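Colleague: Before we start, here is the structure in question, set down as structure tokens.
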Amino acid sequence: MPPSEPPAPIGAADLAARHGPRYRRLLLLTVMVGTVASVLSSTIVNVAVPDLMRHFSIGQERAQWVSAAFMAAMTVAMLPTPWLLERVGYRAAYVGAVWLLMAGGIVGGLSSHYELVLAMRVAEGLAAGVLQPIPSIIILRAFPPGAQGRAMGVFGFGVVLAPALGPSVGGLLVEHFGWRSIFFVVVPFCVAALWLAHRYLPTTAPGGVRAGASGRPLDAPGVVLASVAVLALLNGLVRLHDGTMLAALALLALAAGAGAGFVLRQRRAAAPLLSLALFERRAFAMGSVVAFTYGMGLFGSTYLVPVFMQTALRFPPTEAGAVLLPAGLVLAATIPLGGRLADRMPPAWQVAGGLALLSASFAAMGGVGPGTALAWIAALAIVGRIGLGLVMPALSLGAMRGLDPAQVPQGASAISLLRQLGGAVGVSVVGIFLEWRLRVHGDTPEAALLGFRDTFWLVAAIVALAVGAAWRMGGSGRAR
């Protein structure tokens, strides 16, 4: 018998005809649920860091790899995501990543060795790295320019609402069921994402073409160079903390060499993972700087705040989560407003203003102590989350507005990659800096507060550096 014809690809237009005017909302919901699962797996584990340290008898420098390993894997996985979408299409890439995320959560929750926990965090990070850029690509292709900010805002609301509840839910789970329970939280979201993806995601590649039609090969040497650069950088930072200066310098030199090799490879490769032509546009180049420094401050603080609340202020996990809950709810409410503003005002103004609020919040947290009113701590967190809600929808739009449609997948992947790379570096830098300042100030509770104060001020300075780059993104007037 002659070989059967492959099934016809199912494009967005076919699904829109099948589901009618509500299809865009259903598509947005689909990518939202999968991203919620990946963001939860990234952030909720921070609440369990002290419990993991006690259970496995490890120090903070090893425990921080629960977050740092996830971030490193996520960063590396973002680079080949545009190629993966071209090769297998939206649906297959999305479904495969969700299955990997769910497997990582289940096996991680059942693990009895810390090394296996870390391996599952790497698996979850790889899955999240594929999932993260897909929503921006879909929004920028499926929605007209005047509605992209609103779509980003609605998407952002859904994505942050679950993590806003995450510290409270995670605190309850850790307190009553132990650290293992937080790994299983992603499972119901993954099941829902799989069901939605099979109904509403197209099987085509970006641009509506059949998956695999481009024939573009994977730049495997580029993936290897990028992986070596990221892992050597993070390990080098940890070695700096350990005091093994020679090993640290060797790893950092390896990271610099692999990074330079990656850039040269992208200049010469026929099908680069990351087109360097994107950075010739000032808006994209400045947006990339913002994404990196903003990621350092944001993810560094995401690691720092729960540890500060439980270690320095002696809050149990439940109370620590409850204090941060109002800020998470305010963030969820602010993002849709930020999305609407991004369609009506220059994104650079909005990003700069949001970063200023975020930096001020971190600086003020440096003055928090045992005698500080809980309402004041909650208020400071709320100010920071308002700033975050203004930045999130506008950053991608401001950086990628004006790119050619063919550049959108790599542009979205690059912004996500740089934000996550900044996050991976930020988590390591914050952990190393905090350990150093705690050692400098001493072992007393009062000295610990000074160590956390110094670290909050460092995070505030990192975020403040991004304000200047945000102003240089340019643009004025309404979005067209």
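Colleague: Which residues, taken from region 339-349, are under 21 Å from the mean Cα position of the chain (by Cα) and under 9 Å from ALA470 (Cβ atoms)?
Modeller: Listed by number, the residues that qualify are PRO347, ALA348.
Colleague: List every residue pair whose Cβ atoms sit under 6 Å apart, with the two residues 6 or more apart in sequence or on different chains, where the first one lies in region 285-304 and is under 12 Å from VAL467 (Cα atoms) and surrounded by fewer than 24 Cβ atoms within 10 Å (Cβ to Cβ) and the second, anywhere, is of a type in the set (D, E, K, R) and modelled with pLDDT of 75 or more.
Modeller: Here the result reads MET286/ARG472, each pair linking region 285-304 to a residue that is of a type in the set (D, E, K, R) and modelled with pLDDT of 75 or more.
Colleague: Only one of these conditions is not met by PRO144: (1) of a type outside the set (Phe, Trp, Tyr); (2) more than 17 Å from ALA412 (Cα to Cα); (3) free of Cβ contacts under 8 Å to residues at least 40 places away in the same chain. Which number is it?
Modeller: Of everything listed in (1) of a type outside the set (Phe, Trp, Tyr); (2) more than 17 Å from ALA412 (Cα to Cα); (3) free of Cβ contacts under 8 Å to residues at least 40 places away in the same chain, PRO144 misses just condition (2).
Colleague: For TYR94, indicate whether it is among the aromatic types (Phe, Trp, Tyr) and either touching a His at 6+ places or on another chain (Cβ under 6 Å) or farther than 30 Å from LEU274 by Cα (or both).
Modeller: Considered against the rule, which asks whether it is among the aromatic types (Phe, Trp, Tyr) and either touching a His at 6+ places or on another chain (Cβ under 6 Å) or farther than 30 Å from LEU274 by Cα (or both), TYR94 comes out as no.
Colleague: I need the full set of residues from region 442-464 which are at pLDDT below 85 and out of contact with any Pro (no Cβ under 9 Å at 6 or more places or on another chain), in order please.
Modeller: GLY442, ASP443, THR444, GLU446, ALA447, ALA448
Each row is one residue, and each column tells you yes or no for (1) part of a helix (DSSP H, G or I); (2) at pLDDT 85 or above; (3) surrounded by 20 or more Cβ atoms within 10 Å (Cβ to Cβ); (4) touching a Cys at 6+ places or on another chain (Cβ under 7 Å).
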site	(1), (2), (3), (4)
VAL47	yes, no, yes, no
HIS55	yes, no, no, no
THR75	yes, no, yes, no
TRP83	yes, yes, yes, no
TYR94	yes, yes, yes, no
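Colleague: Since ASP404 meets every condition but one in (1) under 25 Å from LEU131 (Cβ atoms); (2) at pLDDT 80 or above; (3) surrounded by fewer than 18 Cβ atoms within 10 Å (Cβ to Cβ), which condition does it not meet?
Modeller: Failing condition for ASP404: (2).
Colleague: Still on this model: If I ask for residues that are part of a helix (DSSP H, G or I) and either assigned by TED's automatic domain parsing to the domain that holds PHE292 or of a type in the set (S, T, N, Q) (or both), which ones from region 224-272 would you list?
Modeller: SER227, ASN235, GLN266
Colleague: Testing SER4 on (1) modelled with pLDDT under 85; (2) assigned to a helix (DSSP H, G or I); (3) of a type in the set (S, T, N, Q), one condition comes back false. Which one is that?
Modeller: Tallying (1) modelled with pLDDT under 85; (2) assigned to a helix (DSSP H, G or I); (3) of a type in the set (S, T, N, Q), SER4 fails exactly one: (2).
Colleague: Still on this structure, please answer the following. Looking at the structure I just gave you, is THR204 free of Cβ contacts under 8 Å to residues at least 24 places away in the same chain and of a type in the set (Val, Ile, Thr)?
Modeller: no
Colleague: A further question follows. Could you check, for region 220-242, whether at least one of its residues is exposed (fewer than 15 other Cβ atoms within 10 Å of the Cβ) and under 22 Å from PHE433 (Cβ atoms)?
Modeller: Yes, region 220-242 has at least one match.
Colleague: For GLY398, are the conditions met, namely being more than 17 Å from the chain's Cα centre (by Cα) and buried (at least 24 other Cβ atoms within 10 Å of the Cβ)?
Modeller: Spelling it out, GLY398 is indeed more than 17 Å from the chain's Cα centre (by Cα) and buried (at least 24 other Cβ atoms within 10 Å of the Cβ).
Colleague: Does ALA394 count as part of a helix (DSSP H, G or I) and either touching a strand residue (DSSP E or B) at 6+ places or on another chain (Cβ under 7 Å) or free of Cβ contacts under 8 Å to residues at least 24 places away in the same chain (or both)?
Modeller: No; evaluated as a whole, the condition is false for this residue.
Colleague: Return the total of residues in region 121-136 being aliphatic (A, V, I, L, M) and buried (at least 23 other Cβ atoms within 10 Å of the Cβ).
Modeller: So the count comes out to 5.
Colleague: Which one of these is touching a residue at least 40 places away in the same chain (Cβ under 8 Å), closer than 20 Å to GLY411 by Cα and surrounded by fewer than 20 Cβ atoms within 10 Å (Cβ to Cβ): ALA269, ALA348, ALA356?
Modeller: Matching residue, one of ALA269, ALA348, ALA356: ALA269.
Colleague: Same structure, new question: On the given criteria, is GLY384 over 23 Å from GLU280 (Cβ atoms), at pLDDT 85 or above and touching a Leu at 6+ places or on another chain (Cβ under 6 Å)?
Modeller: yes
Colleague: Would you tally the residues in region 233-255 being under 23 Å from the mean Cα position of the chain (by Cα) and modelled with pLDDT of 90 or more?
Modeller: The qualifying residues number 1.
Colleague: Also, I was wondering about something else. Identify, please: which residue in region 99-119 is outside any helix (DSSP H, G or I) and at pLDDT 85 or above and is, among those, surrounded by the fewest Cβ atoms within 10 Å (Cβ to Cβ)?
Modeller: Top of the filtered list is HIS113.
The values are calculated or read from the model by the stated rules, or taken from the named source; none is laboratory data. Treat the numbers as computed from the prediction; the structure is a model and nothing was measured. For neighbour counting, all protein chains shown are included, and Cβ atoms are generated from backbone atoms with ideal geometry for every residue, glycine included.
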